[in-house]
């Protein structure tokens, strides 16, 4: 057959069949005969065994076909794409080229010979047109026709005419797809128009002459006018014998024939003439679903009087003689069959799956099947060969079958009997009664269940060829498969302790998707199965790692096609969160649900009625509570969607069902369809609510992968379960020691647990793996800074800046550290760079102002501080500016005003603070308040008001516990000649400071008198801790717990709540509500303090409580 669709078609050699335009010739060549060696070519070839409308008519098949083509591992599809039409233009001047003349003249003779002449004159406007018209492949079939190039000229703008050289034409064999079962006698004359340039006019004349007609005494022809290019003048002339009766059909939308469709008689000839033009470039919308049936050609004619005459001619080409070999094979195939349906099944399955489909397109072979014995021997054939072999084998066991000719893109005409009306052959086993009860067979499909036709060949008018006892007839093929269409997806799985879902998934298809998927699976290389299954699963919302993939045998069609695999999904459940959500997999697609997807569409084709069922069972570990989504039911536009959900202990069960009863959705009901799709998609997007009650570190699965562990630890980190995060990341680094992200993350988790040495060691492991890691040194600097190792932190940030020289935030951190280390010149240099890179960060200018003060540039400092307050007036920034001014003794009134205003704002925010609303930001305010009190006190000191200074600074010390504040207290006491107290606080300042300043050390030396410094420093450190003790009497088991308290200016708790730690210590809440708290308040302060308390009980059940510094406390746990 000439067509890959397995069709009794009329090529240009069988009768002078003309193209609507030469461009269509070229598009046909490139589309159908381009070279390819890719696996995708095999898939496309196999899919081509399906009628062309298979996916067009059933949009819900598209997701499977998309998987077939896109997700198979293979080189890019090597087909040369057809030249796309130029962009839509309203005038010829906007087109890449204009066809000034396109003329087709056809002369048909009574004996079936004839001639077709094509004349083209093309105005080439630009380089795009040069590329499209610079090489012209002209297709012909040498067995039945000759092709002659009459004229090839290029007319230049200056009047010069360039004729094509003889050597510019090559006569080449046309190669089919290298891996496609397609064998052709088609050749092409390929003309290279090398002199063509923009502005030229191309003239082409070609003549096809039919030498040997396929059907002696008959001819046929069809033509469609060019709607895809600018054509100023298109002419069609058909010349037939006047004495010959000819059936003709002219489409209602086609241009009118010059004599109202009757033609004009000139001598012994009747001539039909058309003249038209097309001034708009045609475009096609790839999203648009075509009409149910493809349109017929604009003009069609045939010398066959009716289908009965055609059937008699065609039956003469068909022989279903059962010779001994055929009879022996039929007996072998049906030896175990108990009844007629079983015998049909056995023979059909053999022919469909074991006789390889090839397209044999040679001369009469385009219409005449090969003898069945020859096909049986060769084990291959085209659709006609397979149908005739099937019929012969059935006849050998006493079962009659009749060939049926049809067109897989549209119904055949009722009145116009032309070979061009059909492109495929199937078979039917007729019975008495309704045609729908007959057994329809299409062995070309190879993997279709017995009795099933592809969607595109169903509900089509077709030619039943008849036979000795049955007349030929035009009849309608069945509308639906011989069984209900059902698709089902089952998901059954468990979630482990770190949130990974492991499930077994089963796809079961019965119906049109089954046919497509069987076809693909049969051609699919084994090594591509995983990618195919992954794509199929992804289309249904099942994303993850697939393994253990199996499929039922594609050629065993008695039961639904089944695909099974195991699925592993990382991060399916957030195991660490108190409340989270899980997806209700799998999903369902709803094509064309949005209005913009339906532009230009008149209907949405749904195909045969079907049911899609999704069943899901997921079990979660103990310690989690599940809440099911709301159930939904919606019905509209011939579709019904329904869901049901249930929770049984730790198991969640979901059932979703989509029932389609309509075959299509007309445009008038698009709104209804959108409403149903919206309801269904909203339901499919619902989540399962998960409430977690699991504490501590989970049991880590022994088979967990490094990536799964990383994700689980990250979930724990986000949930502020840092102990669990650290433990899991630790395991992560053990099984994947070169996974750098895990080392950095482990370090940051240790940092949150105040395990700074371990944090730094983990990050250094990453640096050992990759010394040039872009973030590792910055993270190391952060951890070392938190550990109080400012010199090491500065060195780490300096290395980070070497690797990331324009990281403004790192330069800011480095400058701040230089300030803390009294390296003020270095601080200025770093912070000035940072200020140019991160101009919106007010904190940089605050630090820069501080550095300027220390390098004795007060005017620059004032300018920087003014910039700070212009950019932002947060409490933190005002506190920073006020403290730095007070410390330097510059603008003391300004410092006092800023500090007092900030204190007042904090009072307003905390005056009515309740324990239930306590957040980390309130603890941040406490840290700021301590610095504010220190700044106010230091202003008093600078002005000689020692009593006021002591009052504020001591309150700041008791609240914040900073080394700088202790040093200020020492200076206040020394100024007041309270030297013992002064030495005590100097020692405290040096003891708790990670980097004691030279000034601190000098004051200690001055007052200590040469005593045992190490012992004195340890004593000072312990004294500082003892000042924060809260007496408790209660005994409890060994453990640690933290509490939060709201304390008023009377030193009593307004309320207390348990925050974290051992549940056995929760009972201390009551005692802490009655306790007095070691804190000071300046006069007139009527706000409230938010404090953290830590209780530690030893093995003897002796318990101790103490107030934490604000920086040590987290409220948002």
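From (1) touching a strand residue (DSSP E or B) at 6+ places or on another chain (Cβ under 9 Å); (2) surrounded by fewer than 22 Cβ atoms within 10 Å (Cβ to Cβ); (3) under 18 Å from residue 1078 (Cα atoms); (4) touching a residue at least 24 places away in the same chain (Cβ under 8 Å), pick out the condition that doesn't hold for residue 951. Of (1) touching a strand residue (DSSP E or B) at 6+ places or on another chain (Cβ under 9 Å); (2) surrounded by fewer than 22 Cβ atoms within 10 Å (Cβ to Cβ); (3) under 18 Å from residue 1078 (Cα atoms); (4) touching a residue at least 24 places away in the same chain (Cβ under 8 Å), only one is false for residue 951: (1). Residue 215 meets each of the listed conditions (1) more than 46 Å from the chain's Cα centre (by Cα); (2) exposed (fewer than 15 other Cβ atoms within 10 Å of the Cβ); (3) part of a loop (DSSP other than H, G, I, E, B) apart from (2). Scanning segment 903-924 for residues that are out of contact with any helix residue (DSSP H, G or I) (no Cβ under 9 Å at 6 or more places or on another chain) and not in a helix (DSSP H, G or I) yields a total of 5. For segment 540-596, taking the residues that are in a loop (DSSP other than H, G, I, E, B) and without any contact (Cβ under 8 Å) to a residue 12 or more places away in the chain, the one that is surrounded by the fewest Cβ atoms within 10 Å (Cβ to Cβ) is identified as 559. Please work out which residue is modelled with the lowest pLDDT, limiting yourself to segment 357-372 and to residues that are part of a loop (DSSP other than H, G, I, E, B) and in contact with a strand residue (DSSP E or B) (Cβ under 9 Å, 6 or more places away or on another chain). Among those residues, the one meeting the criterion is 362. Considering 392, 413, 418, the condition of being more than 38 Å from the chain's Cα centre (by Cα), in contact (Cβ under 8 Å) with a residue 12 or more places away in the chain and over 29 Å from residue 249 (Cβ atoms) is satisfied by 392 alone.
Matching residues to (1) surrounded by fewer than 24 Cβ atoms within 10 Å (Cβ to Cβ); (2) under 44 Å from the mean Cα position of the chain (by Cα):
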site: 773; (1), (2): yes, yes
site: 785; (1), (2): yes, yes
site: 797; (1), (2): no, yes
site: 804; (1), (2): yes, yes
site: 809; (1), (2): yes, yes
site: 814; (1), (2): no, yes
site: 819; (1), (2): yes, no
site: 825; (1), (2): yes, no
site: 833; (1), (2): yes, yes
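Residues are listed down the side, and each one gets a yes or a no for (1) modelled with pLDDT under 95; (2) within 29 Å of residue 142 (Cβ to Cβ); (3) in contact with a strand residue (DSSP E or B) (Cβ under 9 Å, 6 or more places away or on another chain); (4) not in a helix (DSSP H, G or I):
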residue	(1), (2), (3), (4)
289	yes, no, yes, yes
295	yes, no, no, yes
300	no, yes, yes, yes
322	yes, no, no, yes
344	no, no, yes, no
347	no, no, no, no
350	no, no, no, no
384	yes, yes, yes, no
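Would you check if there is a residue in segment 182-198 being part of a strand (DSSP E or B), touching a strand residue (DSSP E or B) at 6+ places or on another chain (Cβ under 8 Å), at pLDDT 90 or above and closer than 30 Å to residue 416 by Cβ? No - not one qualifying residue is present in segment 182-198. For residue 632, are the conditions met, namely being surrounded by fewer than 18 Cβ atoms within 10 Å (Cβ to Cβ), in contact with a helix residue (DSSP H, G or I) (Cβ under 7 Å, 6 or more places away or on another chain) and more than 20 Å from residue 577 (Cβ to Cβ)? So residue 632 fits the description; yes. Please list, ordered by first then second residue, the pairs with beta carbon atoms under 6 Å, 6 or more apart or interchain, first in segment 258-278 and part of a loop (DSSP other than H, G, I, E, B), second surrounded by fewer than 16 Cβ atoms within 10 Å (Cβ to Cβ). From segment 258-278, the pairs are 258/273; 268/242. Out of 711, 715, one residue alone is assigned to a helix (DSSP H, G or I), out of contact with any helix residue (DSSP H, G or I) (no Cβ under 9 Å at 6 or more places or on another chain) and not assigned by TED's automatic domain parsing to the domain that holds residue 575. It is 711.
Taken over segment 423-457, the criterion of being part of a helix (DSSP H, G or I), touching a strand residue (DSSP E or B) at 6+ places or on another chain (Cβ under 8 Å) and within 22 Å of residue 353 (Cβ to Cβ) is satisfied by 443, 444, 457. The condition of being closer than 23 Å to residue 215 by Cα and part of a helix (DSSP H, G or I) holds for residue 420. The single condition from (1) under 21 Å from residue 109 (Cβ atoms); (2) at pLDDT below 95 that residue 260 fails is (1). Based on this model, can you work out whether residue 659 counts as touching a residue at least 40 places away in the same chain (Cβ under 8 Å), out of contact with any helix residue (DSSP H, G or I) (no Cβ under 8 Å at 6 or more places or on another chain) and in a loop (DSSP other than H, G, I, E, B)? Considered against the rule, which asks whether it is touching a residue at least 40 places away in the same chain (Cβ under 8 Å), out of contact with any helix residue (DSSP H, G or I) (no Cβ under 8 Å at 6 or more places or on another chain) and in a loop (DSSP other than H, G, I, E, B), residue 659 comes out as no.
The residue of segment 782-841 that is modelled with the lowest pLDDT, among those that are part of a loop (DSSP other than H, G, I, E, B) and under 21 Å from residue 752 (Cα atoms), is 788.
As a summary of the residue check, residue 434 satisfies the conditions (1) touching a residue at least 12 places away in the same chain (Cβ under 8 Å); (2) over 47 Å from the mean Cα position of the chain (by Cα) except for the one numbered (1). Consider segment 734-771 and keep the residues that are surrounded by fewer than 21 Cβ atoms within 10 Å (Cβ to Cβ) and closer than 15 Å to residue 707 by Cβ. The one that is farthest from the chain's Cα centre (by Cα) is 734. Assess whether residue 499 counts as being in contact with a helix residue (DSSP H, G or I) (Cβ under 8 Å, 6 or more places away or on another chain), in contact (Cβ under 8 Å) with a residue 60 or more places away in the chain, buried (at least 18 other Cβ atoms within 10 Å of the Cβ) and not assigned by TED's automatic domain parsing to the domain that holds residue 649. No; evaluated as a whole, the condition is false for this residue.
The values are calculated or read from the model by the stated rules, or taken from the named source; none is laboratory data. In this text, all values refer to a predicted model and were calculated from it rather than measured experimentally. Methodologically, a virtual Cβ is constructed for each residue, glycine included, from the backbone with ideal geometry; neighbour enumeration extends over all protein chains shown.
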